[in-house]
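As structure tokens, the structure follows; a few thoughts come after it.
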Amino acid sequence: MADTLQKYWTKRNFGVTAEPKGAVTRSGKALSFVIQKHAARRLHYDFRLELDGTLKSWAVPKGPSLDPADKRMAVHVEDHPLAYATFEGVIPPGQYGAGTVIVWDRGTWVPIGDASEGYREGKLKFELHGEKLHGRWTLIRMRGRAGERQDPWLLIKERDETARPAAEYDITEALPDSVNAQSGTSASKSAPAAKSRSNATSKRRSAAALQLPEGARLAKLPLALSPQLATLAAAAPSRGDWIYEIKFDGYRVLARVDGSDIRLFTRRGHDWTSRMKHLAKSIATLQLPSGWIDGEIVIESGQGRTDFQALQNAFDAAATADIRYLVFDLPYYAGHDLRQVPLRERRNLLRQLMAKNTSDHLKFSEDFDADAGSLLEAACKLRLEGVIGKRADSSYVSARSPNWIKLKCTQRQEFVIGGYTDPKGSRTGIGSLLLGVHDLQGHLLYAGNVGTGFDQKTLNDLLKKLSALRVVKPPFDPLPAGVRGHWVNPKLVAEVSFGEWTQDGRIRHSVFHGLRTDKLAEKITKEEAVAVAEPTSMPKKRANVAKAGKAPKAIKATNAAKATKAAAATALGVKISHGERVIDQSAGLTKLDLVRYYEGIAEYMLPHLKGRPTSLVRGPSGISGQLFFQKHVDTLRIPGINELDPSFLPGHPPMLEIATATALIQAAQLNVIEFHTWNATVKSIENPDRILFDLDPGEGVTWQHVVEGTMLTKTFLDELKLKSFLKTSGGKGLHVVVPLSPVADWDEVKDFSEAVVVHLARTVPQRFVAVSGPKNRLGKIFIDYLRNGRGATTAAAFSARARPGLGVSMPLAWHELEALQSASQWNTVNALGRLKKQRADPWIDYKRTRQTTKRAAQILAG
């Protein structure tokens, strides 16, 4: 039996690597499995199943997919000891598998049939019960090629209730991090890293001289870190404390410093240290204590410009000596987590550290003391790509965030290459690339072509790469009439600048800039610019002007015109009084703005209001004044609002129902900002027709953790065979809604929802808590099941929220969760634009869903 680990032992030097030697053992419990994300020379996922006393192991380059159509290559490798299942750490350079290992998923597995026989025969079927992966899977051995040292297998997701289309959801992208609460190096240090601790002590002493800013928290150094990403903004913000940097034309790279062990990772987690050894050496000269540095690698082309094509050519030619690393953030430093420290203070600390830099390959990305408009104009004149704006007081989150924005000189984004045309005239290689972007349903839509921006070397290289991907069937769905070319498997991503989008969804005046190997083709969609939410307080200068009454004449005239227009406004025949009154000082939004929002949103919102008892949140003095919660017809009667049967709530005045667009406008006219509804309709008031799980993050919870927690909730509901739907709250958290056939009573539904939340809190205690209260929720998410009691209400879909920015509760498709930037991303300004552009209702199946809690309760009970 011990011979099964002989190959594993011979490949490792246990005096150097921290990997466990282990032995052939049995856990004595249910069979375990583990998936370890391994950032070695190439990023891959090590899939390991406990069988016959060891972990049978496969290397899966792309990781598991929930789509049964994806047959993922899984290369069979040597058995590992069971003790390896808990290993997280850094395998030192020069050792087999050198790189960073994290535990991406773990749990138990149940064979379908005889596992040992299936393994020998090359067809192993099983069920997974992990923290991320669930349902039925199959491993199938393929017929290998002659001379192959390792057997090729395929890892395939079976078609069951846990399967999901790849275009809708990529679990490796959505949940990239370790399942451990904190992945650090303390439990499994590589030998060189452990040895370097004493050397790092003196460095920490010198670092202590640079006083750590307030908000720095003691923390282990994570083995992996996903970067914060910027949102494309429609215009520069007019208020708030922002800092601006030049937008570089390069690759995002994060540097992990752990004593003498310095590694460079791409935004997708690939370890590129071996490709840029000169940068690792340059960082080493700074003699920093442990930490993570965020920045961009570029090749400079003069006058402050960077050249993306030259950067790509450098990697293709393995001539990377000219690559420089421009650093701009410091999420971790000297044993402390700085992510909650304001950006300006993180950058000040990084600037001090870079003051002793002597390497030409490292540079601090300076910010500029200028307004965004002037800086962007200057950047465009210099033919730069644009500028990046960052809120000076913002924290660091591993997600796309509206606190970082990008302002571009020209429109520019990534496109999927779906084909190419033949060259004409004297050109050789290709004529043009046929481009596409994915819609919300995962269809690749034709977006036009690009035929400029190539040199001869690039043309020849593209032809070679595209020829290897040739297919017969065009990947565009639908294929527009007249579009012809050679079709390719849509795997390559091109970065293209262009002048504009046409009305039929094509780009004009396009220029090719290079291929993007750091972005997945299936994730490429049309990049939409969003309005930037303004801060809650006005800048001092503007506030003083307003106080002194010295606004310029032009501003006074504009405000007077707005006031005159608002005073005469009507909506659906309802006269709007005091429409000019500002109800949200942070964004300058008025009562009339809110009324116009409800006027436009009525057709979408009314199906979520009709037939339900509705409570109203009124704000006569705006969101900063006193708010009134009205459930009944008592002191205020609103024209057009229905009074419900008093027997629904004996001893109280009748409850309210909003059933028409006019009633919605009448409510807004009487200063109603929010609309909250019951989880039952008047047709069956004692039998709820939905369960609502309100994910409410406590202090210190990052947005990425909210996203991950929401997906974990959805995954568990899938396991209970309950279909669920997603919407933003418009505030801090997210809502997961489970439609029900109205058969169970209130107590039964509330008890079931509580059991679900308690189970999640026990299973994933590092993420969830089942007890409310700020102290209990510190650093965790409280899933509020109390929303499912009789008489409890929740903000209705499309309702505005009485918070700065007037966010709205927006229904979403599940595949939109990963790219969601905040719970208030959609607001009264941009929500209607989204609805008019979307091709399909993300909740189209909601009304057609028929399910009860009976079977789910049985599964939950075990």
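The values are calculated or read from the model by the stated rules, or taken from the named source; none is laboratory data. Because the structure is a prediction, the values reported are computed rather than measured. Note that we place each Cβ from the backbone using ideal geometry, even for glycine, and neighbour counts take in every protein chain shown. Heavy atoms of the whole protein, side chains included, go into the accessibility calculation; ligands, DNA and RNA do not. Shrake-Rupley method; radii C 1.70, N 1.55, O 1.52, S 1.80 Å.
Search region 427-436 for residues being crowded, with 20+ Cβ neighbours inside 10 Å and of a type outside the set (S, T, N, Q), and hand back the single one that is nearest to A166 (Cα to Cα).
By that ranking, first place goes to G436.
Only one of these conditions is not met by A566: (1) modelled with pLDDT under 85; (2) in contact with a strand residue (DSSP E or B) (Cβ under 7 Å, 6 or more places away or on another chain); (3) not in a helix (DSSP H, G or I). Which number is it?
Evaluating A566 over (1) modelled with pLDDT under 85; (2) in contact with a strand residue (DSSP E or B) (Cβ under 7 Å, 6 or more places away or on another chain); (3) not in a helix (DSSP H, G or I) leaves (3) as the failure.
Can you find a residue that is in contact (Cβ under 8 Å) with a residue 40 or more places away in the chain, among the hydrophobic types (A, V, I, L, M, F, W, C) and in contact with a Pro (Cβ under 7 Å, 6 or more places away or on another chain) anywhere in region 64-75?
For region 64-75, residues in contact (Cβ under 8 Å) with a residue 40 or more places away in the chain, among the hydrophobic types (A, V, I, L, M, F, W, C) and in contact with a Pro (Cβ under 7 Å, 6 or more places away or on another chain): present.
State the number of residues belonging to region 814-827 that are open to solvent by less than 20 Å² (accessible area, probe 1.4 Å) and part of a loop (DSSP other than H, G, I, E, B).
Here the count works out to 3.
Using the structure shown, decide if L760 is modelled with pLDDT of 90 or more, among the aliphatic types (A, V, I, L, M) and either open to solvent by 20 Å² or more (accessible area, probe 1.4 Å) or under 19 Å from the mean Cα position of the chain (by Cα) (or both).
no
Checking A792 against (1) in contact with a strand residue (DSSP E or B) (Cβ under 6 Å, 6 or more places away or on another chain); (2) open to solvent by 10 Å² or more (accessible area, probe 1.4 Å); (3) not in a helix (DSSP H, G or I): exactly one of these is not met. Which one?
Going through (1) in contact with a strand residue (DSSP E or B) (Cβ under 6 Å, 6 or more places away or on another chain); (2) open to solvent by 10 Å² or more (accessible area, probe 1.4 Å); (3) not in a helix (DSSP H, G or I) one by one, A792 breaks only (1).
In region 503-513, which residue that is open to solvent by 40 Å² or more (accessible area, probe 1.4 Å) and out of contact with any Asp or Glu (no Cβ under 8 Å at 6 or more places or on another chain) is farthest from T428 (Cα to Cα)? Steps first, answer last, please.
First, the residues of region 503-513 that are open to solvent by 40 Å² or more (accessible area, probe 1.4 Å): 503-504, 506, 508-509, 511, 513.
Checking which are out of contact with any Asp or Glu (no Cβ under 8 Å at 6 or more places or on another chain) leaves us with 503-504, 506, 511.
On the way: Q503: 32, D504: 30, R506: 25, V511: 18 Å.
Within region 503-513, the match that is farthest from T428 (Cα to Cα) is Q503.
Answer yes if at least one residue in region 611-630 is in a loop (DSSP other than H, G, I, E, B), closer than 20 Å to A661 by Cα and open to solvent by 30 Å² or more (accessible area, probe 1.4 Å), and no otherwise.
No, there is no match, as no residue in region 611-630 is in a loop (DSSP other than H, G, I, E, B), closer than 20 Å to A661 by Cα and open to solvent by 30 Å² or more (accessible area, probe 1.4 Å).
Hey, any hits in region 306-315 for a residue that's in contact (Cβ under 8 Å) with a residue 60 or more places away in the chain and of a type in the set (G, A, S)?
So far as region 306-315 goes, no, none of its residues is in contact (Cβ under 8 Å) with a residue 60 or more places away in the chain and of a type in the set (G, A, S).
Regarding region 583-594, can at least one residue be identified that is closer than 14 Å to A668 by Cα, part of a helix (DSSP H, G or I), out of contact with any Asp or Glu (no Cβ under 8 Å at 6 or more places or on another chain) and at pLDDT 90 or above?
The answer is yes, given that some residue of region 583-594 is closer than 14 Å to A668 by Cα, part of a helix (DSSP H, G or I), out of contact with any Asp or Glu (no Cβ under 8 Å at 6 or more places or on another chain) and at pLDDT 90 or above.
Name every residue in region 521-534 that is in contact with a strand residue (DSSP E or B) (Cβ under 8 Å, 6 or more places away or on another chain), surrounded by 17 or more Cβ atoms within 10 Å (Cβ to Cβ), in a loop (DSSP other than H, G, I, E, B) and at pLDDT below 85, in order of residue number.
Scanning region 521-534 gives V532, A533.
Check E345, E366 and return the single one that is outside any helix (DSSP H, G or I) and open to solvent by 20 Å² or more (accessible area, probe 1.4 Å).
It is E366.
Kindly provide the set of residues from region 426-469 that are in a loop (DSSP other than H, G, I, E, B), aliphatic (A, V, I, L, M) and closer than 17 Å to Q312 by Cβ, ordered by number.
I430
What is the number of the single condition among (1) open to solvent by less than 30 Å² (accessible area, probe 1.4 Å); (2) not in a helix (DSSP H, G or I) that P639 does not meet?
(1)
Between a first residue in region 98-112 that is closer than 22 Å to G269 by Cβ and among the aromatic types (F, W, Y) and a second residue that is modelled with pLDDT of 90 or more and in a strand (DSSP E or B), which pairs have beta carbons less than 8 Å apart while being 6 or more apart in sequence or on different chains?
W104/I35; W104/Q36; W104/K37; W104/Y45
Taking into account only those residues within region 376-406 that are open to solvent by less than 20 Å² (accessible area, probe 1.4 Å) and under 24 Å from E300 (Cα atoms), which is modelled with the lowest pLDDT?
That would be A379.
Testing D360 on (1) over 26 Å from the mean Cα position of the chain (by Cα); (2) modelled with pLDDT of 95 or more, one condition comes back false. Which one is that?
Going through (1) over 26 Å from the mean Cα position of the chain (by Cα); (2) modelled with pLDDT of 95 or more one by one, D360 breaks only (2).
Among the residues of region 445-476, what is the count of those that are crowded, with 17+ Cβ neighbours inside 10 Å and either of a type in the set (G, A, S) or without any contact (Cβ under 8 Å) to a residue 12 or more places away in the chain (or both)?
Here the count works out to 4.
Which residues, counting only those in region 321-334, are open to solvent by 20 Å² or more (accessible area, probe 1.4 Å), touching a strand residue (DSSP E or B) at 6+ places or on another chain (Cβ under 9 Å) and either part of a strand (DSSP E or B) or not acidic (D, E) (or both)?
Residue satisfying the conditions is R324 alone.
Can you report the number of residues in region 642-682 which are more than 30 Å from D747 (Cα to Cα) and open to solvent by less than 40 Å² (accessible area, probe 1.4 Å)?
Residues that pass the stated criteria total 11.
Is it true that some residue in region 720-737 is β-branched (V, I, T), more than 15 Å from R164 (Cβ to Cβ) and open to solvent by 20 Å² or more (accessible area, probe 1.4 Å)?
Looking for residues that are β-branched (V, I, T), more than 15 Å from R164 (Cβ to Cβ) and open to solvent by 20 Å² or more (accessible area, probe 1.4 Å), one finds none in region 720-737, hence no.
Please go through (1) in contact (Cβ under 8 Å) with a residue 60 or more places away in the chain; (2) part of a helix (DSSP H, G or I) for F782 and return the number of the only condition it doesn't satisfy.
(2)
Could you tell me which of the residues G442, G485, G418 is surrounded by 15 or more Cβ atoms within 10 Å (Cβ to Cβ), of a type outside the set (K, R), in contact (Cβ under 8 Å) with a residue 60 or more places away in the chain and out of contact with any strand residue (DSSP E or B) (no Cβ under 9 Å at 6 or more places or on another chain)?
Going through G442, G485, G418 in turn, just one is surrounded by 15 or more Cβ atoms within 10 Å (Cβ to Cβ), of a type outside the set (K, R), in contact (Cβ under 8 Å) with a residue 60 or more places away in the chain and out of contact with any strand residue (DSSP E or B) (no Cβ under 9 Å at 6 or more places or on another chain): G442.
Under 7 Å by Cβ, and 6 or more places apart or on different chains, what pairs join a residue from region 585-604 that is open to solvent by 20 Å² or more (accessible area, probe 1.4 Å) with one that is part of a helix (DSSP H, G or I) and not polar (S, T, N, Q)?
Pairs found: T590/A566; L592/A566; E599/I665; G600/L832; Y604/L835.
State the number of residues belonging to region 768-789 that are open to solvent by less than 30 Å² (accessible area, probe 1.4 Å) and more than 25 Å from V808 (Cα to Cα).
2
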